[in-house]
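Reading through the structure tokens given below for one structure.
The values are calculated or read from the model by the stated rules, or taken from the named source; none is laboratory data. Please read all numbers here as calculations on a predicted model, not as lab measurements. FYI the Cβ positions are ideal-geometry reconstructions off the backbone, even for glycines, and counts take in every protein chain you see. Note: accessible area is taken over every heavy atom of the protein model, side chains too, but ligands, DNA and RNA are not part of it. Shrake-Rupley method; radii C 1.70, N 1.55, O 1.52, S 1.80 Å.
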Amino acid sequence: RLGPTLVEPPIRGTPIAETVDRRTLRSDPETFGRVLETGLEWVRTFQAAYAGASRTRSPIDARRELTLEQLAFSPPEPPGPLELVTVPQHGDYHPGNLVVDDGSVERVIDWEYAVLEGNPVADPGFYALKLAEYAFGDFERGVEAAFLGPSEHAAVVSDRLADHCERVEIPPSTFSYY
């Protein structure tokens, strides 16, 4: 009565979050970096295959995109226009939604928040943040350890994200702003 149904067979693999212990991610920055790179590599390939037109976002528009009126939050205005391509965006791209088999991404699941014309920073940025949260037990500790503090993890994240930006031709300052 509800219309046609789609039944998928079980997929091979395991969510990447279940393939490595969070203690290992916390104690071994290189393992953390490999897991980060696995997610970045898949999203790079996906975004490159389906990238749309380049759009310039004015400083006012960029600020408006990130303003959360409900939380009374508004970021500072960027110093100038931001140039970004549009890409399909998963919207919930985190280690629990990447299914790996033999070390590579076999499937990405749970596309309920996907959009066709999204921001190319959203999925890789969210993945890095959620991986840090998973490794360090909560969001604040993860951000502190992997993004803000002078630590081996922060150096690995900085290197991997700088490499990602170079490979997808996004200025690191634009990535950081978003």
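Work the Kirkwood hydrodynamic radius out for the stretch 1-154: mean of 1/r over every pair of different alpha-carbon atoms, inverted, in Å.
17.4
Relative contact order of the chain, please, whole-number percent, based on alpha carbon pairs below 8 angstrom and at least 6 residues apart.
Reported as a whole number, the value is 24 percent.
Using a 1.4 angstrom probe, figure out how much accessible area the chain has per residue, in square angstrom, rounded to the nearest whole.
Counting only protein heavy atoms, the per-residue value for the chain is 60 Å².
Pull out a ≥ b ≥ c, the square roots of the eigenvalues of the alpha-carbon gyration tensor of the stretch 98-176, then state rounded if a/c is under 1.5, prolate if not and a/b is larger than b/c, and oblate in the remaining case.
oblate
With springs only between Cα atoms under 10 Å, which of P15, P76, P120 fluctuates most in a Gaussian network model of the chain?
Result: P76 has the largest fluctuation of those listed.
Given Cβ point charges of +1 (Lys, Arg) and -1 (Asp, Glu) and nothing else, what value in debye, to the nearest 20, does the dipole of the chain about its Cα centre take?
With only Lys, Arg, Asp and Glu charged at Cβ, the dipole is about 240 debye.
Nearest 0.05, what FRET efficiency do L2 and F139 give at R0 = 41 Å with Cβ-Cβ as r?
0.65
Between A48 and D101, what FRET efficiency follows from the Cβ-Cβ distance if R0 is 22 Å, with the result rounded to 0.05?
For R0 = 22 Å, the calculated efficiency reads 0.50.
Put +1 on the Cβ of every Lys and Arg and -1 on every Asp and Glu Cβ in the stretch 36-178; which of N97, G80, L68 then has its Cα farthest towards the positive end of the dipole?
Going by the Cα projections, it comes out as G80.
In debye to the nearest 20, how big a dipole does the stretch 47-124 give about its Cα centre with +1 on each Lys and Arg Cβ and -1 on each Asp and Glu Cβ?
360
What is the diffusion coefficient of the stretch 29-114 in µm²/s, taking the Kirkwood radius over Cα pairs and the Stokes-Einstein relation at 4 °C with a viscosity of 1.567 mPa s?
84
For the stretch 74-178, which GluC sites (Glu not before Pro) are in a loop by DSSP, counting at most 15 other Cβ atoms within 10 Å?
E112, E169
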